[in-house]
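Here's the structure, in structure tokens; my notes come after.
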Amino acid sequence: MAESPPQTAFAEEALTHLDTLYRGALRLTRDPDSAQDLVQEAYLRALRYQHSYQPGTNMKAWLFAIMRNLFWDRFKGSRKEDVSLDDVGEFVLYDKLRDEGAKPEADVLDKLAASEVVAAVEKLPPLHREVVLLGDVEGFSYRDAAQTLGVPIRTAMSRLHRARQQLQKSLYDYALESGIVRANGTKEVPNE
Amino acid sequence: MNCSDCKEKLDRYLDRELSNTEMLELQLHLEGCPPCTDNYEFQASLKRLVKVCCEQDKAPDALREKLRQILT
Ligand SMILES: [Zn+2]
């Protein structure tokens, strides 16, 4: 039996988001083979549930939600641990670099290797990693990110904020280890 | 708007998630405040850097082909 045109059109449109899904899966699983499996499973599920997709809404977000839910199903056992997120406290890389006299601060960013930036993203706990993928990499609005993650907008926003701080801390640690910045002893001591 | 308000709203400004009025207020503050502008540009560069680095990965052609066959 020939495929019905609507199904083909749906699949074609869904496949335009393949790079986004694959990148997301790769960052979440941190393994190319697992990422391919996860993406394939996500597409099969999407096809099965295509009736629940409302045409005209954000298909990329809908597909991403299916993929990340599958990912979390597989990681259910470790979910609790993943939810208790490390808190680095307020860490603002810019302030840190400025305090240490790294001028201009932006030069430090130019010296970071792409692979280190990716490594820093992958080091984030999955709940933080996924919000960075949606917000920073794929440019989702807070509303779309929240919907994709199944959390209130405020939660998505604060998670993104904390994830960015954690990412900045990890990039800072790398910059220290690799000698891009030096924690010098010449920090300004406030008078009195 | 002072520097600490600006700092507090910087993420949402960066993500274009403030109301039009707030976007404008923040923009005006940035225009008159080099330290906040410097900070903003740093955060914007960092966001761009994360995007560029993570976007380098593309789905393998073989996967695309396989999915096309399965799905269509
Ligand atoms: Zn200011």
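The values are calculated or read from the model by the stated rules, or taken from the named source; none is laboratory data. Everything numeric here is computed off the predicted structure, so don't read it as measured data. Cβ sites come from the backbone with ideal geometry, for glycine too, and all protein chains shown count toward neighbours. Surface accessibility is based on the protein's heavy atoms, side chains included, excluding ligands, DNA and RNA. Shrake-Rupley method; radii C 1.70, N 1.55, O 1.52, S 1.80 Å.
Taking the criterion of being near the ligand (Cβ under 10 Å from one of its atoms), within 25 Å of A:Leu167 (Cβ to Cβ) and open to solvent by less than 60 Å² (accessible area, probe 1.4 Å), the residues of region B:19-37 that qualify are B:Leu26, B:Leu30, B:Cys36, B:Thr37. Against the criterion of being of a type in the set (S, T, N, Q), within 16 Å of the ligand (Cβ to nearest atom) and in contact (Cβ under 8 Å) with a residue 24 or more places away in the chain, B:Gln43 qualifies. A:Phe140 falls short on exactly one of the conditions (1) facing chain B (nearest Cβ under 10 Å); (2) in a helix (DSSP H, G or I); (3) among the hydrophobic types (A, V, I, L, M, F, W, C); (4) closer than 30 Å to A:Tyr53 by Cβ, and that condition is (2).
Which residues, taken from region A:41-65, are open to solvent by 40 Å² or more (accessible area, probe 1.4 Å), outside any loop (DSSP other than H, G, I, E, B) and of a type outside the set (A, V, I, L, M)?
Initially, region A:41-65 is screened for residues open to solvent by 40 Å² or more (accessible area, probe 1.4 Å), giving A:41, A:44-45, A:48-52, A:54-58, A:60, A:62.
Those left that are additionally outside any loop (DSSP other than H, G, I, E, B): A:41, A:44-45, A:48, A:50-52, A:60, A:62.
Selection gives A:Glu41, A:Arg45, A:Arg48, A:Gln50, A:His51, A:Ser52, A:Lys60, A:Trp62.
Taking region B:42-64 as the range and being open to solvent by 60 Å² or more (accessible area, probe 1.4 Å), within 7 Å of chain A (Cβ to nearest Cβ) and not basic (Lys, Arg) as the test, only B:Gln56 passes. Among the residues of region A:111-162, those identified as surrounded by 20 or more Cβ atoms within 10 Å (Cβ to Cβ) and of a type in the set (D, E, K, R) are A:Arg129, A:Glu130, A:Asp136, A:Glu138, A:Asp144, A:Arg159, A:Arg162. From the list A:Asp110, A:Asp95, which residue is farther than 16 Å from B:Val52 by Cβ and part of a helix (DSSP H, G or I)? Only one candidate passes the filter, namely A:Asp95. In the condition set (1) of a type in the set (Lys, Arg); (2) more than 10 Å from every other protein chain (Cβ to nearest Cβ); (3) under 30 Å from A:Asp31 (Cβ atoms), B:Lys9 is compliant with all but (3).
Per the listing A:Val118, A:Val132, the residue uniquely within 10 Å of chain B (Cβ to nearest Cβ), in a helix (DSSP H, G or I), out of contact with any strand residue (DSSP E or B) (no Cβ under 8 Å at 6 or more places or on another chain) and over 23 Å from A:Met59 (Cβ atoms) is A:Val118.
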